[in-house]
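Notes follow once the structure below has been shown.
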Amino acid sequence: MNANKYLDIFIEETKEHLSSLNQCLLQLEQDAGNIEVLNEIFRAAHTLKGMSGTMGFTRMAKLTHDMENVLQALRNKEIYANTHIIDVLFKCLDALDDYLNNIISSGQEGTNDNSEIIAALNKIISKDNAESNKASDGNTGNKGQNAGGPNSEHNFTIYEYNAMEKALEMGLNTYSITVILSKDCILKSARAYIVFNTLEKYSDIIRSVPSIEDIEDEKFEFEFSVLAISKESGEFLEKELTSVSEVEKVIIDNLNDVVANTKINEKNELADDSKKDSDSNAVNVQKDQNNQDASSDKTAASKLKTGKTLRIDIERLDTLMNLTGELIITKTRLKDLARSGSIEEINDTVEYLERITTKINDAVMKVRMVPLETVFSRFPRMVRDIARDIGKEISLVISGQETEVDKTVIDEIGEPLIHLIRNSADHGIETAEERQKIGKPSEGHIYLRAYQDSNNVVIEVEDDGKGIDTEKIKKKAVEKGFITKEKIEELTESEIIELLFMPSFSTADKITDISGRGVGLDVVKTKIEALGGFVEVTSNRGKGSKFTIRIPLTLAIIQALLVMVGNEKYTIPLASVKQIVNITKDELKVVQKQEVFMLRNSVIPVIRLKKVLGVVSGEEEKQQCTLVIVKKGEKVYGLMVDSIMGQQEIVQKPLGKLLSGVKTVTGATILGNGDVALILDVNNIV
């Protein structure tokens, strides 16, 4: 019990020490004789050994102890750091990271002794003992063990049964869906993300086997199953899921009859079982796993908690505390004024109250802010490993890592950046020989930059490689049937580059561990747009390319423009609004079946929101039109509304899974008078 009490602290501090180890090992590789870096690595390893030993994680403590022996020998100059030693230390870092992931997901470090790595460490400092310290077997624990087939038996908890029974009453369908990925699939978690994203458009998922966390960590073979409730037919869902690239087979079983035929006594048994064992994801659990299952509730709760913890500067908390004190004083003053105060005094106090709430809002936002350094710090090691794997000389230059964004954004931005950096390394940067032939330095550069722009954060991934070959994109797009030969000739260069973001599209001539499967840029676009942002691409043939990500600073509270469409109120995020113009109906023209108007010699496409949103209004169309000019990257559009109600700060609320398939809105907000207004998703409307 005492160990569990401090588990959160252990996890957070271990993450910090592993991040420090990663950066220091990269520095040591560049400057092998730097004693200060060596001392820092030794201190981090020593601290990790003590922490893991105290928590009872003996395998982790053993590995860090053997790391210490090598590091001590390096400090005493008994041995000298070379490429082999650095590689072994990086393997230790990866193993420690695996231990930590196991602890986060299950509360236990796992059964992998990493005996091969320990043998390699011992061999470095004692060649005489090299043979005796080799790993005796290749045991890697139960990582690949499959706890029964996902559809081998229906084993519902009472919660799941009640949800399915309610769905049946509402005329919805319950499905057991098994998705089998191609054996050639490398980025399984990325492909599973697209499958879940597709499925959640049409259904509500109530169970996943393995768990969502294990799927994200790729702790599954090539198949997973879900229990889902949907109004769609099984045939429709099967068609949608099989259209996802690298999905080999989809097995869908309609459980409506199973739910309808479940007897009362069986339902009571479910209720009893759910009290004894709340692990809703277990199917055909073997007897020797009972001890692990008994602690599943505690570890699941621990995971939820550790996944949402945040370290906060004490000064920010002090500011928040002082503002809360002022709020309480103002509240007391308002109570007194309500009895005997004048209107003027009450108005003055309300204005002061408004200033305090604005300051509290700013303070809370700052508390939630996390520097991008927490994400960026993992990329130098990744680029180093990729460069060695593909035989290129690549340097990663990072700037703006101190830029702060909301914690919810930080949690989602890592995967898209991984894809973009890998893409630049594999497709963008040339080999040293190719670069020398065309007069470039043999070492290529990838620039990762971040900066704040108004209420947005801009992240750029730029390389000085060969740029994007639009002719190759055109050829591949026609070959794979994405577009006809005639149609592609009508596209501009930027529109051709946009084809890169289509699912399963790849310009690679051969499939490698790095790329070539068409998984990557489609994931980037999906993730970034889910955050309310967008991706832009610019390329200069022979000189390099740049991917620019623009995302909101925070996903909680935003500035928005309140508009009327028919009799309904809607909000448009102010970050997307360029300007507001009033025009007459006569200024509207039709070009190729698209309404447009001229704004300072630029042709602006017009989108009637009434038509897009399906708003019915009995009013006659007015002679005067109000257009909200919005931008999406370099493109500009005019959204036609009935009137503008003003600008205000709004709190975003999600719509929930059942409405997640609605493309035109991204959420909702409650206005000051209690009305609910939908927040328009400009990215999908235009």
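Any read-out appearing in this document is the output of simple, stated calculations on the displayed coordinates, not a laboratory observation. Only a predicted model underlies this, so the values are computations on that prediction, with no experimental measurement involved. Ideal geometry is used to build each Cβ from the backbone, glycine not excepted, and the neighbour counts take in all protein chains shown.
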Exercise. Counting only residues 5 or more places away or on other chains, whose amide H sits under 5 Å from the amide H of Ile398 once H atoms are built in the peptide plane?
Worked result: Leu448
For this session: Please turn the phi angles of region 673-680 into ³J(HN,Hα) values with the Karplus equation 6.51 cos²θ - 1.76 cosθ + 1.60 (θ = phi - 60°), one per residue in order, whole Hz, x for glycine and proline.
Result: 8, x, 5, 9, 10, 7, 9, 6
Exercise. Can you list the GluC sites (Glu not before Pro) in region 381-455 that are in a DSSP coil and have 13 or fewer other beta carbons within 10 angstrom?
Worked result: Glu402
Seminar exercise, completed: The FRET efficiency for Asp675 and Gln108, from their Cβ-Cβ distance with R0 = 51 Å and rounded to 0.05, is 0.50
Seminar exercise, completed: Applied in sequence order to region 331-338, the curve 6.51 cos²θ - 1.76 cosθ + 1.60 (Karplus, θ = phi - 60°) yields integer Hz couplings, x standing for Gly and Pro, of 4, 5, 5, 4, 4, 5, 5, 4
Seminar exercise, completed: Interchain or sequence-distant (5+) residues whose placed amide H lies within less than 5 Å of the amide H of Arg608 are Met640
Problem set entry | Glu649 paired with Thr408, simple spin-label distance in nm, labels 7 Å along Cα-to-beta-carbon | 1.6 nm
Seminar exercise, completed: With a ≥ b ≥ c from the Cα gyration tensor eigenvalues, square-rooted, and the rule rounded for a/c under 1.5, otherwise prolate when a/b > b/c and oblate otherwise, region 2-129 is prolate
Exercise. So which aspartates and glutamates can Lys546 reach, going by Cα to Cα under 15 Å and dropping same-chain residues fewer than 8 places off?
Worked result: Asp426, Glu460, Glu462, Asp463, Asp464, Asp469, Glu493, Glu498, Glu536, Glu634
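Counting other beta carbons within 10 Å of each residue's own, what order do Tyr193, Tyr570 fall into, fewest first?
Numbers: Tyr193 18, Tyr570 24.
Fewest to most other Cβ atoms nearby, the residues stand as Tyr193, Tyr570.
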Exercise. Non-local amide H neighbours of Asp463 (under 5 Å, H modeled in plane, Pro and chain starts lacking H): which ones?
Worked result: Tyr447, Ser545
Exercise. Hey, which of these cross-link pairs are over 19 Å Cα-Cα: Lys525/Lys631; Lys569/Lys635; Lys188/Lys476?
Worked result: Lys569/Lys635; Lys188/Lys476
Seminar exercise, completed: Quick shape check on region 372-552: root eigenvalues a ≥ b ≥ c of the Cα gyration tensor, a/c under 1.5 is rounded, otherwise prolate if a/b tops b/c, else oblate, and it reads oblate
Exercise. Which of the aspartates and glutamates could be linked to Lys366 by a straight reach, that is with a Cα gap under 19 Å, when you skip same-chain ones fewer than 8 residues away?
Worked result: Asp313, Glu315, Asp318, Glu326, Glu354, Glu402, Glu404, Asp406, Asp411, Glu412, Asp453, Glu649
Problem set entry | Vicinal HN-Hα couplings computed from phi for region 20-34 (Karplus, 6.51 cos²θ - 1.76 cosθ + 1.60; Hz; Gly/Pro x) | 5, 4, 4, 5, 5, 5, 5, 5, 5, 5, 7, 9, 5, x, 6
Seminar exercise, completed: Between Met170 and Ile212, the two model label points (7 Å from Cα along the beta-carbon direction) sit apart by a distance in nm of 1.8 nm
Exercise. Which peptide among 360-369, 60-69 comes first, and what is the full order, when sorted by highest mean count of other Cβ atoms within 10 Å?
Worked result: 60-69, 360-369
